[in-house]
1. Taking the stated definitions as given, is A:Trp127 of a type in the set (A, V, I, L, M, F, W, C), within 22 Å of A:Ser195 (Cα to Cα) and either loosely packed, with under 13 Cβ neighbours inside 10 Å or modelled with pLDDT under 85 (or both)?
2. Inspect the stretch A:131-147 for any residue being surrounded by fewer than 18 Cβ atoms within 10 Å (Cβ to Cβ) and among the polar types (S, T, N, Q) and give the result as yes or no.
3. For the subset of the stretch A:135-167 comprising residues that are more than 24 Å from the chain's Cα centre (by Cα) and not hydrophobic (A, V, I, L, M, F, W, C), which member is farthest from the other protein chains (Cβ to nearest Cβ)?
4. Does at least one position in the stretch A:86-100 carry a residue that is touching a strand residue (DSSP E or B) at 6+ places or on another chain (Cβ under 8 Å) and closer than 28 Å to A:Met284 by Cβ?
5. Among the listed residues B:Gly115, B:Gly104, B:Gly157, which satisfies the condition of being within 14 Å of chain A (Cβ to nearest Cβ) and at pLDDT 90 or above?
6. If I ask for residues that are at pLDDT 90 or above and within 10 Å of C:Arg59 (Cα to Cα), which ones from the stretch C:70-84 would you list?
7. Assuming A:Asp199 fulfils every condition listed in (1) within 14 Å of chain B (Cβ to nearest Cβ); (2) without any contact (Cβ under 8 Å) to a residue 12 or more places away in the chain; (3) within 30 Å of C:Lys94 (Cα to Cα) apart from one, which condition is it?
Amino acid sequence: MHRYVLKRIILLIPVLLGVSMLVYCILDLAPGDAADILAPDDATLEEKEALREELGLNRPVLVRYFEYMWKLLHGDLGESYLSPVSVWSAFTQKAPNTLKLGLASVIFAVGTSLPLGIYAARHRGSWKDAISMILAILGLSMPNFWLGLLLMLLFALRLGWLPSGGADMGLRSLILPTITIGTGMMATLTRTTRSSMLDVIRQDYLRTARAKGVTEEVVIKKHALKNALIPIITIIGTMLGGILGGATLTESVFSWPGVGRLIIDSLNGRDTPVVTGCIIMTTMFFSVVLLAVDLIYAFVDPRIKAQYASKSKKGGEKKDGEKAAEA
Amino acid sequence: MAKKQQKPKLDANGERKQRSQFGEAWHRMKKDKGAMLGLAVVSILVLVAILSNFLLDYDTDVVGMNTKERLQSPNAKHLLGTDEYGRDILFRILYGSRYSLSVGLVAVAIALVAGVTLGAIAGYKGGAVEEVIMRLTDIFSSVPNMLMALVVVSALGQSMLNLMIAIGVTSIPQFVRITRATVLTVRNQEYVESARAIGLSTPKIIISHILPNSLSPIIVQTTLRVASAIISASSLSFLGLGIPAPNPEWGSMLSGGRKFIRDYPYMTLYPGLAIMITVLSLNLLGDGLRDALDPKLKN
Amino acid sequence: MMSNEEVLKVENLTVYYELEEETVKAVNDISFSLHKGETIGLVGETGAGKTTTALALLRLVPDPPGVIKSGKITVCGNDMLEVPVQKLEEIRGKDIAMIFQDPMTSLNPVFTVAEQIAESIEIHEKVSKHEAYEKALEMLEMVGIPRERGGEYPHQFSGGMKQRVVIAIALACQPQLLIADEPTTALDVTIQAQVLDLIKNLKDKQGTSVIMITHDLGIVAETCDKVAVMYAGRIIETGNLDDVFNYTLHPYTEGLFNSLPNINDRKAELKPIHGLMPDPTNLPAGCAFEPRCEYACEACKTQQPELVSFTDTHKAACLRYAEPGFHVARGKKHE
């Protein structure tokens with residue numbers, strides 16, 4: 001089991017290297033560079049060239065790339081072209097905000113969708129089910145930046161109850177962005193919960209439980225739910241991991257000082273190191289969360305645990321001949 | 001529990017009429033009101049996209065500025081109002097459907113062709129080939145979609161083609177995974193062994209036997225991906241990295257309307273509604289297809 | 001050891017599955033009873049209504065779409081169809097227990113086997129969790145699984161062992177009535193004998209009455225005291241083992257025996273019953289077996305045969321016995 005975890009962590013490295021190479025090279029294709037942005041409007045061509053030389057931007061791409069990778073392998077994400085800060089500090093300044101937003105959204109989504117999904121599954125076919133599903137599909141069809149703007153229009157601009165942007169007002173600032181991101185998640189998760197519960201509800205082992213005299217409530221809450229949660233956990237994990245990327249639009253709408261906005265501003269400013277650095281960090285976060293989800297999955301589903309355990313030591317599976325002898 | 005038995009329909013000769021697999025699916029889907037609604041709306045949108053080129057004049061109706069009529073609320077002449085340049089919002093929305101639908105369709109077409117090919121090869125060949133393809137797929141999908149598309153677009157420049165490429169490329173991993181998964185399941189079935197036993201060549205096996213059985217999840221995924229491609233396209237345009245102004249792409253219309261949202265909210269309201277209706281109908285259709293093509297999955 | 005205490009009485013049970021477009025008439029007006037210590041074999045082909053009958057006894061018929069249209073079921077003195085849910089849950093697992101057909105899907109994959117057995121004990125007996133777990137391990141030993149394996153999960157066991165666990169769960173609280181729904185159908189032949197033996201031993205030890213649902217006459221011969229043959233949701237012949245095997249009355253029962261290969265006459269052709277069971281959504285007005293029956297007459301097409309007593313114990317539903325002297329080819333005649 002531990003060997004499996006270790007193996008997964010080690011595999012992350014080539015993935016991250018691959019990602020950084022990919023992103024760096026693609027960005028390099030872009031016309032113009034940081035020198036164009038930084039230089040004042042009336043700068044001459046020579047002045048721009050001088051700036052370029054100063055920043056080291058006139059060297060061939062391979063040289064720059066290797067220098068970047070070399071630094072990366074030493075844990076150095078480099079420095080921003082546009083401002084005198086290291087990429088690392090730029091990232092760590094904004095990351096907590098995005099994480100806060102992401103966590104709040106996931107909690108909101110999970111808290112609403114699990115009960116709703118279970119409810120819909122139990123009342124399958126009734127109007128309660130139909131309404132839940134209609135709401136869910138509306139929720140995930142709505143572009144979240146539109147929802148954000150509408151919420152902002154109603155609650156901030158028209159009613160004035162909540163701030164329309166920024167993160168300065170603590171919890172109140174968090175509400176609208178959370179609902180914006182959370183709605184889409186809630187919609188997907190409700191559907192997943194419902195479908196997972198429906199799958200489990202028709203399983204024979206529930207019938208066995210009832211035949212034992214287990215009360216219906218325990219059948220659902222203990223026997224069914226534990227099985228239904230398995231795929232749901234994976235989805236939650238994927239959502240959590242995708243937070244850093246998915247919050248980009250909402251951060252833009254609500255002027256939330258997070259990683260998403262940092263990336264957009266840096267893209268517009270041709271600040272390649274910051275963009276690459278942020279994406280690498282985001283990817284790493286995503287991959288780590290996915291790994292954690294896989295492990296939790298194994299913890300909850302004993303069949304998977306057995307698979308992982310047997311991958312580390314050969315011959316964990318029973319052979320059919322053995323089985324016949326045992327019976 | 002006894003199985004529900006279909007009463008066989010009789011044709012002119014009094015013999016049982018057999019429906020093909022897709023015929024059965026269509027029959028099932030007809031009963032699904034949501035799916036039929038989705039199909040209807042999507043068809044209407046396609047019509048709108050095609051016809052708006054003929055019925056609307058780009059220069060006057062869509063981008064022509066008319067400052068006298070700026071910022072009007074919905075009225076008889078301009079059913080959805082006008083924007084800050086006096087342009088009719090309804091006309092712009094109708095014309096804008098062209099961008100959303102074409103980006104959605106082309107992006108997914110790119111992803112489909114590339115993804116299914118790679119997935120089929122990975123699934124069928126196995127071994128090193130499969131490893132390489134799957135690792136590359138992992139790399140691509142470990143970067144959150146939106147970010148990847150952002151990077152590609154900002155590198156290649158703002159244009160509709162680049163948008164299609166960016167979104168298409170980010171959608172490839174899903175198709176690779178699904179195709180590979182279904183190929184793996186199907187490959188081990190007995191009828192494939194039979195095909196091999198009678199000596200069919202590998203490409204022929206893949207095309208004639210494996211792919212037709214993998215079609216269902218691919219069809220469903222395609223429909224749903226078009227929906228998410230449209231959201232991605234409008235998201236990128238909203239951020240200013242998609243289809244450039246003054247083209248009436250719905251996302252960029254939303255972005256343009258932000259400044260005026262307090263007093264003239266319909267510049268943001270209606271384009272967003274258009275996006276939602278389009279995506280909703282595609283999602284309904286995709287769901288309906290999924291239920292119809294594999295009733296075992298239906299809950 | 002038979003006593004006259006009646007453990008089960010089924011009266012005029014009718015169960016339909018009401019679907020969107022049609023209604024499946026799964027069980028049509030059946031009646032039978034079982035006394036303490038008796039084993040009755042419920043025989044019939046797939047689709048005859050045996051499993052639905054079993055589920056009805058526990059009130060586990062999926063509802064929707066299943067509906068119990070009429071009838072009365074009395075288990076150990078309890079009216080199963082009227083009893084409130086709480087009492088029902090007390091009875092299930094304690095007075096009446098069931099072994100399901102497919103061991104592969106009957107066990108919950110995320111709980112250990114000991115936990116699943118212990119749960120039954122915890123619910124019905126006033127013992128602590130720890131004691132229940134201990135008893136569960138004892139049950140495992142009783143069914144031939146070493147107690148050390150109690151902490152393992154279902155997927156770690158083979159089919160035969162899973163079925164043993166299912167049996168352990170069913171018998172954990174020593175029920176008076178055990179329903180075994182084709183307990184060995186999903187298993188290898190070599191395992192079948194072991195599982196049947198196990199059921200027999202436990203039944204002897206605990207004095208359980210058993211309903212053995214099967215399509216295999218060999219199993220009936222080995223394990224049952226009484227037999228009820230079902231066809232298209234009806235009981236068409238019932239009697240004790242000797243009656244049905246040696247004094248066979250109904251043409252269908254005869255057909256079942258005839259379709260068995262005879263090891264003494266290897267050269268003979270196999271004699272299956274031609275045709276198929278009728279569509280339960282579209283049952284004929286008369287005798288359901290008529291299209292396949294070699295003794296059928298005109299009246300059989302329109303008149304529904306009723307169960308008629310031939311001796312104290314032996315009944316059959318066939319119109320042709322109204323004619324004096326009629327008997328199917330197989331089987332001796334009653335005096």
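The values are calculated or read from the model by the stated rules, or taken from the named source; none is laboratory data. Just so it is clear, the model here is predicted, and its values are computed rather than measured. As a convention, Cβ positions derive from the backbone with ideal geometry for all residues, glycine included, and neighbour counts pool all protein chains shown.
1. yes
2. No; the residues of the stretch A:131-147 include none that is surrounded by fewer than 18 Cβ atoms within 10 Å (Cβ to Cβ) and among the polar types (S, T, N, Q).
3. A:Pro163
4. Within the stretch A:86-100 (the criterion being touching a strand residue (DSSP E or B) at 6+ places or on another chain (Cβ under 8 Å) and closer than 28 Å to A:Met284 by Cβ), the answer is yes, since at least one residue qualifies.
5. B:Gly104
6. Within the stretch C:70-84, just C:Ile73 meets the criteria.
7. Condition not satisfied by A:Asp199: (2).
Results for (1) within 21 Å of the chain's Cα centre (by Cα); (2) surrounded by fewer than 21 Cβ atoms within 10 Å (Cβ to Cβ); (3) in a loop (DSSP other than H, G, I, E, B), shown as yes or no for each residue.
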site: B:Met65; (1), (2), (3): no, yes, yes
site: B:Gly86; (1), (2), (3): no, yes, yes
site: B:Leu94; (1), (2), (3): yes, no, no
site: B:Ser100; (1), (2), (3): yes, no, no
site: B:Val106; (1), (2), (3): yes, yes, no
site: B:Ile110; (1), (2), (3): yes, yes, no
site: B:Gly123; (1), (2), (3): no, no, no
site: B:Thr137; (1), (2), (3): yes, no, no
site: B:Leu147; (1), (2), (3): yes, no, no
